[in-house]
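The values are calculated or read from the model by the stated rules, or taken from the named source; none is laboratory data. Note that the coordinates shown come from a computational prediction; the quantities given were computed from them, not determined experimentally. No Cβ is skipped: glycine too gets one built from the backbone with ideal geometry, and neighbour counts run over all protein chains shown. In case anyone asks, the SASA skips ligands and DNA or RNA and just uses the protein heavy atoms, side chains included. Shrake-Rupley method; radii C 1.70, N 1.55, O 1.52, S 1.80 Å.
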Amino acid sequence: FTIDFNGKNVIKSSNSPVRNSVVVFKDSVGGGGVDFERVSYSGFQFSYSTVTIESGRFYNSGTGTGGMSLDFGTTTMNGGSIESRAAIAGSDSSPATFEMNGGSVAELYRGNYSSYTFNGGRIDKFTNFNANIYKASLGAGKAYALAESGTLIKLADMTSNTASVTIVDCTHDSYDANFECEYCGQPCAHPSLDSNNKCTVCGLAMAAGV
């Protein structure tokens, strides 16, 4: 089913989860969404569901700690804003996936058995991520960049203390000793060679043709 906030805000006052559903959220007017102001734990919780966020706000205007819990299912974020923690978790038999193509998340918390694909959007804080997960989560040809300046961030420099980031197209401007891009982790395709049979992009010396 589809929920169109139509510019209105809904106050959620209980921890009751939504289970086994296919849900699309959108706000055709703007300014509408869900407020978790009275929820102290999980906020807006979905389990074993397929959730798509096209637009709308998901936020907490009160003193509660509730955010969004997206467990044992699939979430696709194309727009909108999660202005509190978004926790993604699954199990060995029911993993959780989160694909982000647009929108923004204030804090993205990685739980067990969860995987990510970042193709666009903004993330202000990562929790429980590590170097391997930062690399594996980037969509093809994508990189992390500082939200304020647009400066690309090397994967080796990504930590939980990294400032707000956006997901952008990688420029492949720097390669490491393994001839992998330092921003996105993809190996160099060696598109052209110089007169010494070295790749003009990453500098790898190629074997001479026979």
Inset, instruction - Determine if region 185-199 includes at least one residue that is touching a residue at least 40 places away in the same chain (Cβ under 8 Å) and over 28 Å from residue 58 (Cα atoms). - result: yes
Legend entry - Count of residues meeting criterion [assigned to a strand (DSSP E or B), at pLDDT 95 or above and open to solvent by 20 Å² or more (accessible area, probe 1.4 Å)] in region 98-128: 4
Inset, instruction - Please enumerate the residues belonging to region 68-97 that are of a type in the set (Asp, Glu) and either touching a Lys or Arg at 6+ places or on another chain (Cβ under 6 Å) or in a strand (DSSP E or B) (or both). - result: 71, 83
Legend entry - Residue list for region 13-33, filter: touching a residue at least 40 places away in the same chain (Cβ under 8 Å), part of a loop (DSSP other than H, G, I, E, B) and either open to solvent by less than 60 Å² (accessible area, probe 1.4 Å) or closer than 14 Å to residue 79 by Cα (or both): 17, 27
Legend entry - Qualifying positions in region 145-170 - farther than 14 Å from residue 185 by Cβ and assigned to a loop (DSSP other than H, G, I, E, B): 147, 148, 149, 150, 151, 159, 160, 161, 162, 163, 164
Inset, instruction - Determine, yes or no, whether residue 144 is surrounded by fewer than 18 Cβ atoms within 10 Å (Cβ to Cβ) and among the aromatic types (Phe, Trp, Tyr). - result: no
Legend entry - Lone unmet requirement of (1) touching a helix residue (DSSP H, G or I) at 6+ places or on another chain (Cβ under 8 Å); (2) farther than 30 Å from residue 205 by Cβ for residue 183: (2)
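Listed here are the residues, each with its yes/no results for (1) touching a strand residue (DSSP E or B) at 6+ places or on another chain (Cβ under 8 Å); (2) farther than 30 Å from residue 206 by Cα; (3) of a type outside the set (A, V, I, L, M, F, W, C).
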position	(1), (2), (3)
82	yes, yes, no
92	no, yes, yes
136	yes, no, no
151	yes, yes, yes
159	no, yes, yes
162	yes, yes, yes
179	yes, no, no
188	yes, no, no
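Residue-by-condition table, conditions (1) surrounded by 14 or more Cβ atoms within 10 Å (Cβ to Cβ); (2) over 19 Å from the mean Cα position of the chain (by Cα):
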residue: 133; (1), (2): yes, no
residue: 137; (1), (2): yes, no
residue: 154; (1), (2): yes, no
residue: 173; (1), (2): no, yes
residue: 178; (1), (2): no, yes
residue: 183; (1), (2): yes, no
residue: 186; (1), (2): yes, no
residue: 190; (1), (2): yes, yes
residue: 198; (1), (2): yes, yes
Legend entry - Members of region 143-163 found to be in contact with a Ser or Thr (Cβ under 9 Å, 6 or more places away or on another chain) and not hydrophobic (A, V, I, L, M, F, W, C), listed by number: 144, 148, 150, 154, 160
Inset, instruction - Select, from 141, 79, the only residue that is over 30 Å from residue 9 (Cβ atoms) and at pLDDT 90 or above. - result: 141
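Condition check ((1) among the β-branched types (Val, Ile, Thr); (2) modelled with pLDDT under 95) across all residues:
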position	(1), (2)
11	yes, yes
15	no, yes
19	no, yes
30	no, yes
45	no, yes
49	no, yes
52	yes, no
66	no, yes
